[in-house]
Amino acid sequence: MTNLIAAAAVFVLIHLLISGTRVRDALVARLGEGAYMGLFSLASVAALAWLGFAYAGARDDAWNLAYWGVTPAGRHLQLSLQVIALLFIVLGLATPNPTSVKQEGVLDRDDAVKGILRVTRHPFLWGVAIWAAGHLIVNGDRASLILFGSLLVLAVFGTASIDAKRRRALGDRWSGFAARTSNIPFAAVLTGRQKLSLGEIGVIKPAIALGVYAALLFAHPYLFGVPALP
């Protein structure tokens, strides 16, 4: 348990206490943008690998008690949430977004806010949050609570961290974009700052997301040792 908790803490904290704070600014000033990005990427991959191995090792430990089990309703809710999660993740990765690394130039476009960005300016992270929340529904053991709970916390608070980082770096350019979008999904649409445009999203990207979903359903028992389907 200690190893898993330590891995989760390191993975979350290097993002929330370094990547989105003035600590990052100080490190970039000292090391340079390229060196910082290289070192931070290496640390992130190492911490994620540590987290994965620690979780695998903790699942069979005696301390890993389950607080709830899987129910048919929970299983079907989880499967539905994963469709939504993968739509957000794939659309987020495939849409130019100034919240993403090295994509600040999107702010200079007339169509900076389009597609999934009308729903949220952080589609990828909200997809991860929904993915993690769905897995918590069907994994009530302590190890899973630590793994998926830490990823859920990181995804949700990471949106605010990125906003703060972009605000410091981009000033008024960012403020204009933020005023036309929302962090919380659909908030900008519901408050009249944006209109949902499914035509801008198209059919290809959602089709890819559904293809990834189907592939993961098939491969889940081989990749993770447990079936995704009831």
Residue ID - surrounded by the fewest Cβ atoms within 10 Å (Cβ to Cβ), chosen from residues in the range 190-204 that are touching a Ser or Thr at 6+ places or on another chain (Cβ under 8 Å) and in contact (Cβ under 8 Å) with a residue 12 or more places away in the chain: 193
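Consider residue 181 carefully, then state whether it is among the β-branched types (Val, Ile, Thr), touching a Ser or Thr at 6+ places or on another chain (Cβ under 9 Å) and touching a residue at least 60 places away in the same chain (Cβ under 8 Å).
Yes: the conditions hold for residue 181.
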Listing of helices (runs of 4 or more DSSP H) fully contained in the range 184-230 that carry 1 or more residues being under 26 Å from residue 117 (Cβ atoms) and of a type in the set (Asp, Glu): 198-201
Near pairs, Cβ below 6 angstrom, 6+ apart or cross-chain, from the range 115-127 (closer than 8 Å to residue 88 by Cβ and in the same structural domain as residue 180 (by TED's automatic domain parsing)) to any residue that is of a type in the set (Val, Ile, Thr) and in a loop (DSSP other than H, G, I, E, B): 116/95; 126/120
The range 169-183, residues that are of a type outside the set (Gly, Ala, Ser) and surrounded by 14 or more Cβ atoms within 10 Å (Cβ to Cβ): 170, 173, 174, 177, 180, 181, 183
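Going through 14, 84, 5, 18 one at a time, which residue ends up being assigned to a helix (DSSP H, G or I) and in the same structural domain as residue 139 (by TED's automatic domain parsing)?
On the way: 14 fails: in the same structural domain as residue 139 (by TED's automatic domain parsing); 5 fails: in the same structural domain as residue 139 (by TED's automatic domain parsing); 18 fails: in the same structural domain as residue 139 (by TED's automatic domain parsing).
Being assigned to a helix (DSSP H, G or I) and in the same structural domain as residue 139 (by TED's automatic domain parsing) holds for just one of 14, 84, 5, 18, which is 84.
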Selection count, the range 149-168, where residues are closer than 19 Å to residue 75 by Cα and buried (at least 21 other Cβ atoms within 10 Å of the Cβ): 0
Residues being aliphatic (A, V, I, L, M) and in a loop (DSSP other than H, G, I, E, B) - total across the range 65-81: 2
Residue within the range 100-108 that is out of contact with any Gly (no Cβ under 8 Å at 6 or more places or on another chain), buried (at least 16 other Cβ atoms within 10 Å of the Cβ), among the aliphatic types (A, V, I, L, M) and not assigned by TED's automatic domain parsing to the domain that holds residue 201 present: no
Residue 179 vs. criteria farther than 30 Å from residue 54 by Cα, part of a helix (DSSP H, G or I) and out of contact with any helix residue (DSSP H, G or I) (no Cβ under 8 Å at 6 or more places or on another chain): yes
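Based on this model, can you work out whether residue 41 counts as of a type in the set (S, T, N, Q), under 18 Å from residue 154 (Cβ atoms) and part of a loop (DSSP other than H, G, I, E, B)? Reasoning before the result, please.
On the way: of a type in the set (S, T, N, Q): yes; under 18 Å from residue 154 (Cβ atoms): yes; part of a loop (DSSP other than H, G, I, E, B): no.
Considered against the rule, which asks whether it is of a type in the set (S, T, N, Q), under 18 Å from residue 154 (Cβ atoms) and part of a loop (DSSP other than H, G, I, E, B), residue 41 comes out as no.
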Failed criterion for residue 39 (all others in (1) surrounded by 15 or more Cβ atoms within 10 Å (Cβ to Cβ); (2) under 24 Å from residue 166 (Cβ atoms); (3) outside the structural domain of residue 137 (by TED's automatic domain parsing) hold): (1)
Among (1) within 22 Å of the chain's Cα centre (by Cα); (2) surrounded by 16 or more Cβ atoms within 10 Å (Cβ to Cβ); (3) not aliphatic (A, V, I, L, M), the one test that residue 186 misses: (2)
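Yes or no, residue by residue, for (1) at pLDDT 95 or above; (2) within 17 Å of residue 228 (Cα to Cα); (3) out of contact with any strand residue (DSSP E or B) (no Cβ under 9 Å at 6 or more places or on another chain):
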| position | (1), (2), (3) |
| --- | --- |
| 82 | yes, yes, yes |
| 122 | yes, no, yes |
| 135 | yes, yes, yes |
| 156 | yes, no, yes |
| 164 | no, no, yes |
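The values are calculated or read from the model by the stated rules, or taken from the named source; none is laboratory data. These numbers come from a predicted model, not from an experiment. Glycine also receives a Cβ, built like all others from the backbone with ideal geometry; neighbour counts cover every protein chain displayed.
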